[in-house]
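Here the structure comes first, spelled out in C-alpha cells, and everything after it is commentary.
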Amino acid sequence: MKAALEKFEIYLDRPIAYRARFLIALMVIPLIASFAAPLWNISMQAPQYPEGLEVDVYSYKVVGGNDGKDIAEINVLNHYIGMAAIEGKLLEDLDWIPFLLGFICVLILRAAAIGNIRTLIDLAVIYSYIGGFLAFRFWLHLYSLGHNLDPKAPVNVDPFMPAIFGSKQIANFHITSFPRGGSVAILISVGGILVITFWHLATGFLESRRNASKANKATTTSKA
C-alpha cells in the first residue's frame, strides 16, 4: 500500500504534455464567453399575458424581457402572492459569481503553466465543487422564492417549487426554465477540464498496471 501511494505521489508530479497544456488553456475561452450570454432563462405564459414574460439571468445581472419591463411586471405579480422580488433574491449571488469565474480562469492558466498532474486534479476538483455549489445556490434561491410566501399577501397560494429545468404549471401560469448559452459555455469548459483530467488518470492507471505486470513477469522469470 505504501509503495502504491509513493508511486502515485511521483505520478502526480509528472509533467503534462504541451498539447494537453494548450487544450487546458483553451478552456478559458468558453468561460470568458459565458459573461456575454445568459446563464438561464425563465419565461411565463398566461392568458392575460399573451406575449409572455421573460427573465434572463446572467452571471452578473438579471434582465427582464420587453426592454426590462417584464421584471417590474413579474415583481407586481409576486407581490400579490407574497413572493419576494426576483431581483433581490437572484442578485444575492451575482455580486460574487464573476469573481469566482475569474478565479477559475486563473486556476486554469496556472494548471496550463505549471503543467503537472497535481495542479490538473486540483483544478478539476475545485472547478467541479464551485459549479455544483452555484447550481445548488440557484436551486435554493428558487425554492426560497416559492416557499417563503407572505401569509398576509392579497392572494393566498400554496408554497411551490418554481421550474428549474423544463416546464411547470403554477395557477394559470405556464412557467418554462432552461439553461442558455452562458451555462453551455461553462459546461464546455468544465467538461473539457474533466475529460483531460480523467484521461491522464486513466493513462496513469493503465501504465501502472503494465509496469506491475512487467515486474511480476520479471520476478517469475528470475525465479525460474
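Computed from the coordinates by the stated procedures, all read-outs in this text should not be read as laboratory data. Keep in mind that what you see is a predicted model, and the values were worked out from it rather than measured. Note: ideal-geometry Cβ built from the backbone for every residue, glycine included; neighbour counts use all protein chains shown.
7 Å from Cα along Cα→Cβ at both ALA85 and ILE188: what's the point-to-point distance in nm?
The answer from the label model is 3.6 nm.
What FRET efficiency, computed as 1/(1 + (r/R0)^6) with R0 = 41 Å and r the Cβ-Cβ distance, is obtained for VAL63 and ALA113, rounded to the nearest 0.05?
Numbers: r = 36 Å, r/R0 = 0.87.
It comes to 0.70.
In whole Hz, with x marking every Gly and Pro, tabulate ³J(HN,Hα) for the range 170-187 from phi via Karplus 6.51 cos²θ - 1.76 cosθ + 1.60, θ = phi - 60°.
Per-residue couplings from phi come out as 10, 6, 9, 9, 9, 9, 10, 9, 9, x, 10, x, x, 5, 4, 4, 5, 5 Hz.
Collect residues whose amide H, placed 1.01 Å from N in the peptide plane, falls under 5 Å from the amide H of ILE170; neighbours closer than 5 in sequence don't count.
Close amide H contacts, sequence-distant or interchain: ILE175.
So who's got an amide H within less than 5 Å of the one on PHE160, skipping anything under 5 residues away but keeping other chains? H placed 1.01 Å off N, in plane.
HIS147
Taking only the Cα atoms of the range 20-202, how large is their convex hull per residue, in Å³? Numbers along the way, then the final one.
On the way: hull volume 20.4 nm³, N = 183.
Taking the convex hull of the Cα positions in the range 20-202, it is 111 Å³ per residue.
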